[in-house]
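To start, the structure under review is shown below, and the notes come after it.
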């Protein structure tokens, strides 16, 4: 009898095994904007997916390629209705391309533990040592250790690890974390204050404590230290994007709206 599939959605994020999905879909920044700009909020996810397939809004000649893209979109942007609605609002509001890209990067890394940890456990420590060059081989060494530690879905062969390493390099280049066509270098991604404020609102829904929010590992995706997060919080406060006050051990963090979609509307009007 076949074993029942594991429901990863019910597992703590830190225990979810790494997958090789990065091979099939990288950053997909342009395709993501296309999908969200064609999304109908009055229709269900399934109805939208069916229409996207039928109308071939991506302009792809390969049906299997479209299915790969849609599977990635589901995981990155369609599992939380609040995120879907907020991103549609932001895309429709003509958010600047760099600001929009940083949001796509954040949600993609949140949805893919391998992509997240490739940045926070490989790139961040390496850059902290003053080493900015990164190669396929650097990723392969880390991947091999993770395979040995049983952190992956199944055993990855050497050719598979090479393809995954190449996929990571390509995706992180397109997300602005790396630069260079052949020789890649680590460059902390640009995070405009409007995008930062969105991320703070989103993360506060998961971590209500303002003091603890500043310490979340997610900020490592943007190579931010605690001081860097606090500096951006004060900047966002000065721009009237949020209210941030610290008095001793008490931290107060408030927003002008109660929903992520509502806050997206606020940000697009600033």
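List the helices (runs of 4 or more DSSP H) inside the stretch 83-197, counting only whole elements, that have at least 3 residues being over 30 Å from residue 39 (Cβ atoms), in contact (Cβ under 8 Å) with a residue 24 or more places away in the chain and not assigned by TED's automatic domain parsing to the domain that holds residue 229.
Per the criteria, 124-128, 136-148, 158-174.
Is it the case that the stretch 111-126 has a residue that's over 21 Å from the mean Cα position of the chain (by Cα) and over 15 Å from residue 27 (Cβ atoms)?
The answer is no; no qualifying residue exists.
Step by step: first the residues of the stretch 162-210, then only those that are surrounded by fewer than 18 Cβ atoms within 10 Å (Cβ to Cβ), within 30 Å of residue 262 (Cα to Cα) and over 17 Å from the mean Cα position of the chain (by Cα), then the one that is modelled with the highest pLDDT. Which residue is that?
207
Find the residue count for the stretch 219-242, including only residues that are crowded, with 19+ Cβ neighbours inside 10 Å, touching a residue at least 24 places away in the same chain (Cβ under 8 Å) and closer than 21 Å to residue 177 by Cβ.
The number of residues fulfilling the criteria is 5.
Considering only the stretch 31-65, how many residues are surrounded by 11 or more Cβ atoms within 10 Å (Cβ to Cβ) and out of contact with any helix residue (DSSP H, G or I) (no Cβ under 8 Å at 6 or more places or on another chain)?
The qualifying residues number 6.
Of everything in the stretch 241-256, what is modelled with pLDDT of 95 or more and not in a strand (DSSP E or B)? Give them in sequence order.
241, 242, 255, 256
The values are calculated or read from the model by the stated rules, or taken from the named source; none is laboratory data. Because the structure is a prediction, the values reported are computed rather than measured. Ideal geometry is used to build each Cβ from the backbone, glycine not excepted, and the neighbour counts take in all protein chains shown.
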